[in-house]
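Presented below is the structure to which this report refers.
The values are calculated or read from the model by the stated rules, or taken from the named source; none is laboratory data. This one's a predicted model, so the numbers in the text were calculated from it and none came from an experiment. Every residue, glycine as well, gets a Cβ built from its backbone with ideal geometry; the counts of neighbours run over all protein chains shown. Accessible surface is based on the protein model in full, side chains and every heavy atom, while ligands, DNA and RNA are left aside. Shrake-Rupley method; radii C 1.70, N 1.55, O 1.52, S 1.80 Å.
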Amino acid sequence: MNVNTYSIGIDIGGTKIAVGLVDRHGDILYKQTTPTPSESRASILNTIKAIVLSYMKMSEKEGFKINGIGIGSAGQIDPNKGVIISGTKNIKDWNQVPIRDVLQKATNLPVWVDNDANTFALAEHRLGKGKDLNHIVCLTLGTGVGGGVVSDGSLIHGTFGGAGELGHMTVNMNGPACNCGSNGCLETYASGTGIAQRMRDQLANMPTDDLPAHIADYKQHLDALTSKEVFQWREEGYEPAVAVIDTAVQALIYGIVSLIHTFNPQAIVLGGGLVAHWPNLAATISKQIKDIGMASLVKPVKIFTSELGRDSGLIGAAMQVWHDVE
Ligand SMILES: [Zn+2]
């Protein structure tokens with residue numbers, strides 16, 4: 001491969017789709033972001049095809065090579081069959097989508113597809129904090145909690161690609177119901193949705209008169225409450241918000257110790273949109289896990305915050321191509 005070769009990375013999210021030309025070092029030559037079309041699965045596939053074909057035209061005109069397409073999508077993915085088994089609720093009719101075949105037929109390029117948390121783990125392993133490590137566990141803290149595990153240098157996929165749903169590890173069997181059907185999953189405490197819901201639970205039981213005015217406003221509009229407000233109130237020192245975030249950190253600590261016992265990793269990498277709100281998260285976890293669990297496994301583990309930035313989804317998607325060509 002010469003230096004003028006790029007992979008097409010496609011990051012499919014509930015609200016936007018990003019498509020970029022990415023080189024082997026994770027550098028982006030060009031990228032385009034478009035809102036996820038909500039009408040139908042055909043409109044999503046047509047939108048993606050149109051952008052990919054425009055990149056192929058660009059490559060002919062400018063004389064660079066495209067070596068394949070890597071797709072990262074939310075939801076359950078079968079990487080062997082190249083099928084999105086079930087996507088997020090935000091994307092209409094996004095189930096049983098044979099996306100690999102559709103794009104291979106349209107482009108004649110090889111296509112890879114995987115869950116977006118797995119592609120994030122791949123990017124961390126290849127370019128980020130997990131570079132030079134063979135055993136890493138990655139957690140993405142965003143709307144939900146996603147997970148990806150690299151063990152002996154390879155992503156763990158399980159029977160049909162469903163492995164690594166680390167956000168649905170139960171950290172409290174008497175905890176709140178999770179939308180997966182289980183109780184007290186890590187995601188019910190440490191995701192954006194979970195943090196907002198735990199705050200709602202607290203506010204619902206508090207007399208309005210006891211609340212500071214700007215927080216009392218939210219009691220009338222609990223649906224409008226997001227994790228952003230909870231982090232802000234925590235900064236202000238508002239006790240119930242401090243408690244909700246402390247509980248999220250505790251859930252992460254016990255979840256991570258269980259992951260260390262399960263996978264014996266060298267490092268844990270935390271990514272996703274929430275991490276920016278938690279400047280000391282990695283340091284706090286790193287300090288507190290040392291006193292929990294089996295010391296020989298837990299003590300050596302490094303806890304990192306991802307530094308791949310906002311384009312990590314796109315880069316991770318493209319890394320599937322680079323991973324397989326080398
Ligand atoms: Zn769950």
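Each residue in region 22-67 was checked for being open to solvent by less than 20 Å² (accessible area, probe 1.4 Å) and farther than 30 Å from D93 by Cβ, and 3 pass. In the set (1) over 24 Å from G313 (Cα atoms); (2) among the polar types (S, T, N, Q); (3) at pLDDT below 95, the condition left unmet by T170 is number (3).
Can you tell me how many residues in region 169-184 are within 14 Å of the ligand (Cβ to nearest atom) and without any contact (Cβ under 8 Å) to a residue 24 or more places away in the chain? Write out each step before concluding.
From region 169-184, those within 14 Å of the ligand (Cβ to nearest atom) are 169-173, 175-184; that's our starting set.
The next check asks that each one be without any contact (Cβ under 8 Å) to a residue 24 or more places away in the chain; those that pass are 170, 173, 175, 177-184.
So the answer is 11.
When you scan region 88-106, do you find a residue that is open to solvent by less than 20 Å² (accessible area, probe 1.4 Å) and part of a loop (DSSP other than H, G, I, E, B), even just one? Before you say what the answer is, go through the steps one by one.
Our first condition is that a residue be open to solvent by less than 20 Å² (accessible area, probe 1.4 Å); within region 88-106, this holds for 91, 94, 97, 99, 103.
Those left that are additionally part of a loop (DSSP other than H, G, I, E, B): 91, 94.
So far as region 88-106 goes, yes, one or more of its residues are open to solvent by less than 20 Å² (accessible area, probe 1.4 Å) and part of a loop (DSSP other than H, G, I, E, B).
Contact map, region 139-151: first residue under 16 Å from H277 (Cβ atoms), second residue in a strand (DSSP E or B) and open to solvent by 10 Å² or more (accessible area, probe 1.4 Å), Cβ cut-off under 8 Å, separation 6 or more or different chains; pairs are L139/G146; T140/G146. Checking region 277-286 against the condition returns no match, with no residue being closer than 22 Å to N183 by Cβ and either without any contact (Cβ under 8 Å) to a residue 40 or more places away in the chain or open to solvent by less than 70 Å² (accessible area, probe 1.4 Å) (or both). Does N205 qualify as being open to solvent by 10 Å² or more (accessible area, probe 1.4 Å), more than 18 Å from L281 (Cβ to Cβ) and within 16 Å of the ligand (Cβ to nearest atom)? So N205 fails the test.
Looking at region 299-315, is at least one residue of a type in the set (A, V, I, L, M) and without any contact (Cβ under 8 Å) to a residue 60 or more places away in the chain? Yes; the residues of region 299-315 include at least one that is of a type in the set (A, V, I, L, M) and without any contact (Cβ under 8 Å) to a residue 60 or more places away in the chain. Taking the listed residues G128, G161, the one that is open to solvent by less than 10 Å² (accessible area, probe 1.4 Å), touching a residue at least 40 places away in the same chain (Cβ under 8 Å), under 16 Å from the mean Cα position of the chain (by Cα) and away from the ligand (no atom under 16 Å from the Cβ) is G161, with no other qualifying. Of the residues making up region 108-119, those that are out of contact with any Lys or Arg (no Cβ under 8 Å at 6 or more places or on another chain) and open to solvent by less than 10 Å² (accessible area, probe 1.4 Å) are D114, A117, N118, T119. Evaluation of L166 against the conditions (1) closer than 29 Å to K299 by Cβ; (2) more than 16 Å from the ligand (Cβ to nearest atom) shows that the sole unmet condition is (2).
Considering G313, G309, the condition of being part of a loop (DSSP other than H, G, I, E, B) and closer than 30 Å to T5 by Cβ is satisfied by G309 alone.
Going by what's in this entry, would E236 be described as within 16 Å of the ligand (Cβ to nearest atom) and at negative phi? It is false that E236 is within 16 Å of the ligand (Cβ to nearest atom) and at negative phi.
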